[in-house]
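Input: a single structure, listed below in structure tokens.
The values are calculated or read from the model by the stated rules, or taken from the named source; none is laboratory data. Being a predicted model, the structure only gives us computed values, none of them experimental. Here Cβ is always computed from backbone atoms with ideal geometry, including for glycine, and neighbour counts include all displayed protein chains.
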């Protein structure tokens, strides 16, 4: 049996992580959510050689430790990891942040609304898109 | 020689009189009373001597006698006829003649060697009478001092009674040694004068000795005085310039001393009156025996003076004043050695004059400096020129003045007695245009008669007849003025200076010296005490201190501005980070409230409402944070200036606020096509969206009317000119910077703003109404408008009244220059 596609969530807010967890549950495609609290932890996870690459990285920009911007830059500059889709989820609508993330190779950038229902809907839509609609890079799982 | 007295009279009465002695040699004895004008009297060649002594004119080559005073028989015991043409040694003996010969030779050698040989022993006798020998008159046995000097190639020998015993020799230096020491210690001019008077009087025994000081206009004042106790004081009395005519002053520029032994002593004419070889009259400027002018003796007689001694006080080759000695009790003998002592004293007074004045001024300067230093420290400490008048001390305390005014930051700051502000304005404008005030190194103007230079000054002559002004900078009108009051104070004249000299005297139709010496008190109008050089210098030093202070403050301000810009940056960065970080917990709170409400089956109605409130508040806080974020970004983004069609920008803004218009009838009016301006298009649109949504929101009328218009620069200027003349000018905040700019406006018929709240509306999150009134809102819109406008170097302001709607005006500078520097972007 094919393992469930894995989503790595980089998020230090438990509430926001919970919202993403709920979004995963509402998704039509089943997936495993693996949450880490910082960019450093995310990189450690990704760099475990025997581990399969995730289907998606959901990255909050403002985490403690190494923040999302730096983590994004390191992932996208690593030849092995560069193909993993990274979707930024942030409170910041600052054009500078947008500029930075897209330049660094972010695959998408989404805002986190304060209103819970909107937030949840946004997350469901993002996950649905990346899990159901996107044709993934063929290299996934080949390297193990 | 024998001119009839009738011809004198007819000459004197003619319209353009020739001198009575026209064509012949002058003799005071013969023609003195024919003088019609003091300034034409040949006082240096009077042709006569005072009759108590005798004078011989010798030929330098062989010491034969060329001229002799007609009284030689009485004084010397030999009649003129027996002397003329004879060698001197026949009269005084070979010893004395040889002594004279030796002196003459030394003097000539000295003149030749001058500049090579220093410290010569023998006196230079050219124009400088010096003692040569004592001669005993054979017929009386009286000892006579002979003094000699040379002038214009002849040798002049004067004989006078020694006034002492045979072998007694007074050492005039010993006489005045004490005086010299005292004079050297004088610390003020008046102290110097007092010492001079006292010492001359002690030395001579004259009844009254005065220091008479000349003022700039030539009139004189009794500056110091030492007198016999029973005499009235003349101290502080002023005398008109004519009392000492120009020829007399000229004599005192050449000689130190002028003795007159006896006003009624009679005159002895020279025989012959002119030199037999050259035909020239004898120049008697330096003769101790020189005959006084008739005018002078008459003047003295009018004052009941019987004998006089006059010494000159010179300063820098100018005649500063006189030491005048008067005697009232008959003839007064002033033998050679006494005169020499007095002369030396006069020279020392002249030498010490500069030192005493310097000491006096140094003390004054020190006082001024100390005050000015305190002032500058004060101004530096309190950070403003206005501190100069807060005191103590103030600008008033340094210089000796009655009032002071400082023009700084577009207004006058005054202390003491000054003209009114309106008068100061006009005076300031006049001063600024004066060429003196344009000088780079010395922008200074000083006068003790302001109304002569500046006729409107008559209106405030009482407080400001004297003006000393300096400019602190040439570009801006920055003035410091010191005023001196009119010296209406009284000048006490010795006699009425105006009642002379048209009086016909006892000698017919000619001028006579003043006869009245009654105290005459006169008010001097439009004049102040003159400014001293030391005061002008102090003003310039003050200016320099102030300039240094201003430069230092400019540096300080530049530093403060940099600090301010930095802290603004940091504030923006802080606002940005803070609002981000605040959003995360806010999202959590909202979520829990939401989830609680969803599972609230068992909760009561009240708790459900509370949960709804919690949710609503989190959302409201979210909008506030968004505004704060936005506001902080306004200050940080670069402006992209381009030519903007305001009409298009307004169209876009109206589209963006369309949702706000709702169902209510709304009329947007654009009275005339909007102009093009240079601005950042996105920011300009944001200004309009904020102003328009504000206008739409705060309106209770049945129909919302909004006018979007503009004023061209010339219309703004016209409006400025109008408001400047109305009482509204100050309450209506049209900024002066708006002049000559294109001003844009948005006018509504909304609720309006109370005048006292006008300043509030631009404050962050400052709402004038209830949170949910007028459709809610964060209260950041107008704050953002102001920041956007000011970021572009412009200004925004309001005209409004409650119930009458509001009009928001703003301008963005036509030129790019006043932009505030873009602030560094700190990404959170």
Original post:
Based on what the data block shows, is residue B:593 surrounded by fewer than 18 Cβ atoms within 10 Å (Cβ to Cβ), touching a helix residue (DSSP H, G or I) at 6+ places or on another chain (Cβ under 6 Å) and either modelled with pLDDT of 80 or more or away from chain A (no Cβ under 12 Å) (or both)?
Top reply: no
Subject >> residue B:576 within 14 Å of another protein chain (Cβ to nearest Cβ), surrounded by 14 or more Cβ atoms within 10 Å (Cβ to Cβ) and under 23 Å from residue B:791 (Cα atoms) >> reply: yes
Subject >> Qualifying positions in the stretch B:643-664 - touching a strand residue (DSSP E or B) at 6+ places or on another chain (Cβ under 7 Å), surrounded by fewer than 20 Cβ atoms within 10 Å (Cβ to Cβ) and not in a helix (DSSP H, G or I) >> reply: B:643, B:645, B:664
Original post:
out of contact with any helix residue (DSSP H, G or I) (no Cβ under 9 Å at 6 or more places or on another chain), outside any loop (DSSP other than H, G, I, E, B) and modelled with pLDDT of 85 or more: does that describe residue B:695?
Top reply: yes
Subject >> the stretch A:23-37, subset touching a residue at least 40 places away in the same chain (Cβ under 8 Å) and over 15 Å from the mean Cα position of the chain (by Cα), residue farthest from the other protein chains (Cβ to nearest Cβ) >> reply: A:29
**OP:** Output the number of residues of the stretch B:392-412 satisfying the condition of being under 15 Å from residue B:472 (Cα atoms) and in contact with a helix residue (DSSP H, G or I) (Cβ under 9 Å, 6 or more places away or on another chain).
**Re:** 9
Original post:
Just to be sure, is residue B:178 modelled with pLDDT under 85 and either part of a helix (DSSP H, G or I) or over 27 Å from the mean Cα position of the chain (by Cα) (or both)?
Top reply: yes
Original post:
Does any residue of the stretch B:600-616 turn out to be more than 9 Å from chain A (Cβ to nearest Cβ), surrounded by 13 or more Cβ atoms within 10 Å (Cβ to Cβ) and not in a helix (DSSP H, G or I)?
Top reply: yes
Subject >> Meets criteria (more than 10 Å from every other protein chain (Cβ to nearest Cβ) and either more than 60 Å from the chain's Cα centre (by Cα) or more than 30 Å from residue B:468 (Cα to Cα) (or both)) for residue B:541 >> reply: no
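Identify the residue in the stretch A:1-22 that is farther than 19 Å from residue A:136 by Cβ and within 11 Å of the chain's Cα centre (by Cα) and, among all such residues, is nearest to the other protein chains (Cβ to nearest Cβ). Even if it seems obvious, please write down each step before you answer.
At the first step, the residues of the stretch A:1-22 found to be farther than 19 Å from residue A:136 by Cβ are A:10-22.
Checking the rest, the ones that are also within 11 Å of the chain's Cα centre (by Cα) come to A:10-11, A:20.
On the way: A:10: 14, A:11: 10, A:20: 12 Å.
If we take residues in the stretch A:1-22 being farther than 19 Å from residue A:136 by Cβ and within 11 Å of the chain's Cα centre (by Cα), then A:11 is nearest to the other protein chains (Cβ to nearest Cβ).
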Original post:
Restricting attention to the stretch B:73-93, which residues are surrounded by fewer than 17 Cβ atoms within 10 Å (Cβ to Cβ) and within 12 Å of residue B:133 (Cα to Cα)?
Top reply: B:93
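Condition check ((1) under 19 Å from residue B:57 (Cβ atoms); (2) assigned to a loop (DSSP other than H, G, I, E, B)) across all residues:
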| site | (1), (2) |
| --- | --- |
| B:218 | no, yes |
| B:225 | no, no |
| B:248 | no, no |
| B:258 | no, no |
| B:265 | no, yes |
| B:277 | yes, yes |
| B:288 | yes, yes |
Original post:
Looking at (1) within 17 Å of residue B:789 (Cβ to Cβ); (2) outside the structural domain of residue B:791 (by TED's automatic domain parsing), which is the one condition that is false for residue B:620?
Top reply: (1)
Subject >> Test result for residue B:436, without any contact (Cβ under 8 Å) to a residue 40 or more places away in the chain and either within 14 Å of residue B:405 (Cα to Cα) or in contact with a helix residue (DSSP H, G or I) (Cβ under 6 Å, 6 or more places away or on another chain) (or both) >> reply: no
**OP:** Output yes when any residue across the stretch A:102-119 is within 14 Å of the chain's Cα centre (by Cα), surrounded by fewer than 19 Cβ atoms within 10 Å (Cβ to Cβ) and within 14 Å of another protein chain (Cβ to nearest Cβ), and no when none is.
**Re:** yes
**OP:** Please specify each residue of the stretch A:47-59 satisfying the condition of being surrounded by fewer than 20 Cβ atoms within 10 Å (Cβ to Cβ) and touching a strand residue (DSSP E or B) at 6+ places or on another chain (Cβ under 8 Å).
**Re:** A:52
Original post:
If you scan the stretch B:413-427, which residues turn out to be assigned to a helix (DSSP H, G or I) and either in contact with a helix residue (DSSP H, G or I) (Cβ under 8 Å, 6 or more places away or on another chain) or under 23 Å from residue B:400 (Cβ atoms) (or both)?
Top reply: B:423, B:424, B:426, B:427
**OP:** Consider only pairs whose beta carbons are under 6 Å apart and that are at least six residues apart or on different chains; among these, list those whose first residue lies in the stretch B:183-208 and is farther than 14 Å from residue B:311 by Cα and whose second residue is surrounded by fewer than 21 Cβ atoms within 10 Å (Cβ to Cβ).
**Re:** B:183/B:348; B:187/B:359; B:188/B:360; B:189/B:357; B:189/B:360; B:195/B:182; B:207/B:228; B:207/B:328
**OP:** Pairs only if they're at least six apart or on different chains, beta carbon under 6 angstrom, first in the stretch A:73-97 and within 14 Å of chain B (Cβ to nearest Cβ), second assigned to a loop (DSSP other than H, G, I, E, B) and exposed (fewer than 15 other Cβ atoms within 10 Å of the Cβ); list them, first residue then second.
**Re:** A:96/B:827
Original post:
Which members of the stretch B:439-459 meet the condition of being without any contact (Cβ under 8 Å) to a residue 60 or more places away in the chain, within 17 Å of the chain's Cα centre (by Cα) and either on the phi > 0 side of the Ramachandran plot or surrounded by fewer than 20 Cβ atoms within 10 Å (Cβ to Cβ) (or both)?
Top reply: B:439, B:440, B:441, B:453, B:454
**OP:** With respect to residue B:488, determine if the residue is surrounded by 13 or more Cβ atoms within 10 Å (Cβ to Cβ), modelled with pLDDT of 90 or more and part of a loop (DSSP other than H, G, I, E, B).
**Re:** no
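Condition test on residue B:623, is it modelled with pLDDT of 80 or more, within 13 Å of chain A (Cβ to nearest Cβ) and surrounded by 16 or more Cβ atoms within 10 Å (Cβ to Cβ)?
no
With B:662, B:588 as the choices, which residue is within 14 Å of chain A (Cβ to nearest Cβ) and over 60 Å from the mean Cα position of the chain (by Cα)?
Testing whether each residue is within 14 Å of chain A (Cβ to nearest Cβ) and over 60 Å from the mean Cα position of the chain (by Cα) leaves just B:588.
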Original post:
Counting only residues that are buried (at least 19 other Cβ atoms within 10 Å of the Cβ) and under 14 Å from residue B:278 (Cβ atoms), which one in the stretch B:60-72 is nearest to the chain's Cα centre (by Cα)?
Top reply: B:67
